[in-house]
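**Q** This is the structure I have questions about; it appears just below.
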Amino acid sequence: MKLLRHDHVDLIRFDVEGLEWEMLPALLRSPAFYKVRQVTFEAHFWTRVGEPEGGTRAVAGGGHTAARMYGWIAMLRELRQAGFRLFAAKPNPLSTDELLSGDGAARPCCYQLGYVRALPKSDVDSAA
């Protein structure tokens with residue numbers, strides 16, 4: 001941003017096959033992230049019932065654990081606390097269905113999420 005003399009970023013888009021849950025905390029800690037107007041990403045909720053930690057989907061966390069799910073929810077809440085509001089959420093039509101519940105129902109594992117900054121950094125600071 002400094003090199004190109006930009007004072008903001010209109011859009012950040014990423015699809016990193018499950019690593020978004022590791023990227024989001026780093027982005028949220030970066031002062032530059034507060035100059036981003038929109039962020040969109042593919043959220044991977046790879047949890048197969050009965051699959052052990054480090055299973056076939058190890059890169060995305062594998063394993064059906066409440067702690068992992070709470071971590072995902074916490075990251076999405078942090079986006080909101082950073083001034084972002086969800087404006088779009090839809091299943092990725094190319095995602096495979098994963099078994100996410102004990103009822104045997106298959107549900108999409110990947111969703112396209114879009115967030116727009118609703119609060120400027122100064123309002124986020126004063127709301128905290």
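**Q** Which of rounded, prolate or oblate describes region 1-46 when judged by the alpha-carbon gyration tensor and an a/c cut-off of 1.5?
**A** Numbers: a/c = 2.80, a/b = 2.06, b/c = 1.35.
Prolate.
**Q** Along the Cα-to-Cβ line of Leu86, 7 Å from the Cα, sits a label point; which residues in region 1-43 have backbone N less than 12 Å from it?
**A** 43
**Q** How would you rank 4-16, 82-94, 30-42, 107-119, highest first, on the average number of other Cβ atoms within 10 Å across their residues? Each step should come with its number before you reach the end.
**A** Working: 4-16: 10.7, 82-94: 13.5, 30-42: 15.5, 107-119: 17.5.
Output ranking for 4-16, 82-94, 30-42, 107-119: 107-119, 30-42, 82-94, 4-16.
**Q** A further question on this structure: Count the net charge of all other residues whose Cβ sits under 14 Å from the Cβ of Leu113, scoring Lys and Arg as +1 and Asp and Glu as -1.
**A** Working: positive: Arg13, Arg77, Arg80, Arg85, Lys90; negative: Asp15, Glu20, Glu42, Glu78.
With Lys, Arg at +1 and Asp, Glu at -1, the net is +1.
**Q** Can you tell me the length gained on complete extension of the stretch Thr40 to Arg107, counting 0.36 nm per residue apart and subtracting the Cα distance?
**A** Numbers: separation 67, 0.36 × 67 = 24.12 nm, distance 2.11 nm.
Length difference between fully extended and current span is 22.0 nm.
Computed from the coordinates by the stated procedures, all read-outs in this text should not be read as laboratory data. Just so it is clear, the structure is predicted and the values come from calculations on it, not from any experiment. With ideal geometry, Cβ positions are generated from the backbone for all residues, glycine too; neighbour counts draw on all protein chains shown.
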